[in-house]
Amino acid sequence: MADRRPFIAGNWKMHKTVPESVETARKLVSLVGGVSDADIMIAPTHVALAPVAEALAGSNVALGAQNLFWEREGAYTGEVSAPMLASAGCRYAIIGHSERRQYFGETDEKVNRRIRAALDGGLTPVFCVGESESEREAEKTFSVLDKQVSDGLKGFVADELSSLVLAYEPVWAIGTGKTASSAQAQEVHQFLRGLMAKKLGKDLAQSLRILYGGSVKPDNVAELMAMPDLDGALVGGASLKPEVFSEIVKFKRKQSS
Ligand code: PEP
């Protein structure tokens, strides 16, 4: 089994002003400075990226964006490109989050273009997939995920995706307090790894980090992360408070206590 380094990511969504973002980032850095057994990322709003990058400089917390546009530059009012995000200090970009799919007309085809643009611009995509409650109830979970992954990664070869991070986020578990059980999450992660092996080869599938997202909290993270195919967490609400997020980042201590 590949040795996959845990990755704990915080998605701040549309929360926090610029000063609040900087203060939260500073606090987080002071709380997780001693953590060497996980990669850590936070994704503030676009306007806070550059000042938060300064607050994170020299720390073990990396910066991510919540979205990007696929063109590099041009007459696209209101959009931000991968090279611009990289120049603000980003290393990662969340792509295809269910809120973008639900509220902003995100399609698998657009997700595909954003993933290509992220990689071309030197950013690591954190590619989100997940089924809705009604899709799960109709037993369509695997077919929905198959389509999201297949269309989102259409045209890519394994070599281009060595840095990719996949995030399984069941829509019914996001911001609802309903977490997938560790067994439910493991079942899907194992399916996703198998799918990636079929599409892009065993090597990529074995080294690919697959994060779980959906109401992850300090009191459920250790059990989820104990599953063999869960390699980290994408955290929304619980990432907004540095004291709480740092507890999630330190989940290994909970597992060994
Ligand atoms: C998310 O938005 O990616 C998420 C998982 O949110 P929450 O942790 O609040 O469910």
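The values are calculated or read from the model by the stated rules, or taken from the named source; none is laboratory data. Values in this document were obtained by computation on a predicted structure and should not be read as measured data. We place every Cβ from the backbone using ideal geometry, glycine too, and count neighbours over all the protein chains shown. To get the accessible areas, we keep the full protein, side chains included, count just its heavy atoms, and leave off ligands, DNA and RNA. Shrake-Rupley method; radii C 1.70, N 1.55, O 1.52, S 1.80 Å.
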* To do: Would you mind calculating the gained length between Tyr103 and Lys154 on full extension (0.36 nm times residue separation, minus the Cα-Cα distance), in nm to one decimal?
  => 16.0 nm
* Can you give the translational diffusion coefficient of segment 195-251 in µm²/s, computed by Stokes-Einstein from the Kirkwood radius over Cα pairs at 4 °C and 1.567 mPa s? -> 105 µm²/s
* Determine the distance separating the Cα centre of segment 82-142 from the Cα centre of segment 144-196; give it in Å without decimals. => 11 Å
* Asked: Any number yet on Rg/Rh for segment 118-163, C-alpha, Kirkwood?
  -> 1.09
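How big is D, in µm² s⁻¹, for segment 2-113 by Stokes-Einstein at 25 °C and 0.890 mPa s if Rh is the Kirkwood radius over C-alpha pairs?
164 µm²/s
Kindly sort Phe156, Phe104 by accessible area of their heavy atoms, largest first, with the probe set to 1.4 Å.
Result of the area sort, largest leading: Phe104, Phe156.
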* Only Cα pairs under 8 Å and at least 6 apart count here; give the relative contact order of segment 76-123 as a rounded whole percent. => 57 percent
* Asked: Given a 1.4 Å probe and every protein chain left where it sits, what share in percent of the accessible area of the chain is carbon and sulfur?
  -> 50 percent
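For the chain, what is the relative contact order in percent, using Cα pairs closer than 8 Å and at least 6 residues apart in sequence?
21 percent
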* Asked: Taking one equal scatterer on every alpha-carbon of segment 89-181, how large is log10 of I(q)/I(0) by Debye at q = 0.13 1/Å?
  -> -0.44
* Asked: Which one of Gln190, Asn60, Gly89 has its Cα pushed farthest toward the positive end of the charge dipole of the chain, where Lys and Arg give +1 and Asp and Glu give -1 at the Cβ?
  -> Asn60
* Hey, what D do you get for the chain in µm²/s if you plug the Kirkwood alpha-carbon radius into Stokes-Einstein at 20 °C and 1.002 mPa s? -> 118 µm²/s
* To do: Taking H placed 1.01 Å from N in the peptide plane, check which residues at least 5 places from Asn67 or on another chain put their amide H under 5 Å from its amide H.
  => Ile94
* For segment 164-221: relative contact order, % (alpha-carbon pairs under 8 angstrom, 6 or more apart) -> 56 percent
* Structure fact -> With R₀ set to 22 angstrom, the calculated FRET efficiency between the beta-carbons of Gln255 and Lys140, to the nearest 0.05, is 0.10
